[in-house]
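The values are calculated or read from the model by the stated rules, or taken from the named source; none is laboratory data. Because the structure is predicted, anything quoted here is derived from the model rather than measured. Glycine gets a Cβ as well: all are built from the backbone with ideal geometry, and neighbour counts include every protein chain shown. For accessibility, only protein heavy atoms count, side chains too; no ligands or nucleic acids. Shrake-Rupley method; radii C 1.70, N 1.55, O 1.52, S 1.80 Å.
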Amino acid sequence: MNEDLKVNLSGLPRDCIDASAPENISAAVPSQGPVVESEPELVVNPWDIVLCSSGTLICCENAVVVLIIFHSPSLRAPMFLLIGSLALADLLAGLGLIINFVFAYLLQSEATKLVTIGLIVASFSASVCSLLAITVDRYLSLYYALTYHSERTVTFTYVMLVMLWGTSICLGLLPVMGWNCLRDESTCSVVRPLTKNNAAILSISFLFMFALMLQLYIQICKIVMRHAHQIALQHHFLATSHYVTTRKGVSTLALILGTFAACWMPFTLYSLIADYTYPSIYTYATLLPATYNSIINPVIYAFRNQEIQKALCLICCGCIPSTLSQRARSPSDV
């Protein structure tokens, strides 16, 4: 990810220095004492600073979510387990960005590159898979509303968690186990040391999961509209009330999918068409929005949730505001 920065302190091309006559060099250097070469100054890429700052913010946000869910025994429903999985994955992703910055400038080696890229790939893969699992859970909670709160649902949730984390860890281990481009630079992708084939598999998998999420949210939207219409008929609501509720639900789903696509689609498409020969600024410019998704996830999936808001208030001030305790859940709260 980080290009090697070569600092030429002489101000001249190295071939010009090698071709110079010895007498010219001796004339340029005083003969009173030995020549002391100054160490090259460490140049930090501003893009790496921005990525490290983004990783720090990601860690802080998602650590709060993980602590809330871990600290509150009431947040053990399948939905909160999946939200906790998402927060943990994003927390590890932010940690990977910070470690990448530290290793890139303080501890450069092939082993650290492989471990760092493995952690980043595994954590971001777990984050995207957790988003898909949350989408599946929301669909099942609406489609099987009567039987959703059962032991079968809890078992299914644990199976999903094991599968998504197992798959993500396997993807993260691929570079460490040898599927990397450290020995053959011509096979590198836009993110070194990932190979072009590895990046293509990750990108195609993302496009497949995005298409699946889109289809599930379309079905969720239909169910929400039908439920809102039934409630309106039962309670003799006006048509405008039904329209407002339905529009709110559709807007929420559009926000979720739109944010996800806007953050990840640029880097996904760029990884498919580009390779290591492309300027690194394009990689940074498309990768940075992808990290923003891990910043936005806690806001969309955790802090908007009423139960998590109550748990946060209990932890911070030991009380629940009346506005939260009296708020009723509507069909648009998806």
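Assorted remarks:
- Where a residue in the stretch 144-167 is under 17 Å from L86 (Cβ atoms) and its partner, wherever it lies, is at pLDDT 90 or above and of a type in the set (D, E), with Cβ under 6 Å and at least six apart: none
- Unmet criterion (only one of (1) more than 30 Å from Y148 (Cβ to Cβ); (2) modelled with pLDDT of 95 or more) for V35: (2)
- Of the criteria (1) among the hydrophobic types (A, V, I, L, M, F, W, C); (2) touching a residue at least 24 places away in the same chain (Cβ under 8 Å); (3) out of contact with any Ser or Thr (no Cβ under 8 Å at 6 or more places or on another chain); (4) not in a loop (DSSP other than H, G, I, E, B), which one L182 fails: (4)
- Selection from the stretch 141-153 of residues that are of a type in the set (A, V, I, L, M) and closer than 25 Å to N62 by Cβ: none
- Residue check, V191 outside any helix (DSSP H, G or I) and not charged (D, E, K, R): yes
- Hits in the stretch 75-92 (condition: touching an Asp or Glu at 6+ places or on another chain (Cβ under 7 Å) and outside any helix (DSSP H, G or I)): L75
- Among residues of the stretch 255-284 being in a helix (DSSP H, G or I) and open to solvent by 50 Å² or more (accessible area, probe 1.4 Å), the one that is modelled with the lowest pLDDT is L255.
- When residues of the stretch 240-254 are limited to those that are aliphatic (A, V, I, L, M) and over 18 Å from F210 (Cβ atoms), the one modelled with the lowest pLDDT: V244
- Qualifying residue in the stretch 122-132 (condition: farther than 17 Å from I296 by Cα, at pLDDT 95 or above, among the hydrophobic types (A, V, I, L, M, F, W, C) and part of a helix (DSSP H, G or I)): yes
- For beta carbons closer than 7 Å, sequence separation of 6+ or different chains, a first residue in the stretch 49-62 that is free of Cβ contacts under 8 Å to residues at least 60 places away in the same chain and a second that is assigned to a helix (DSSP H, G or I) and of a type in the set (F, W, Y), the qualifying pairs are C52/F101.
- Candidate set from the stretch 285-334 (those that are assigned to a helix (DSSP H, G or I) and modelled with pLDDT under 70); member that is least open to solvent (accessible area, probe 1.4 Å): L324
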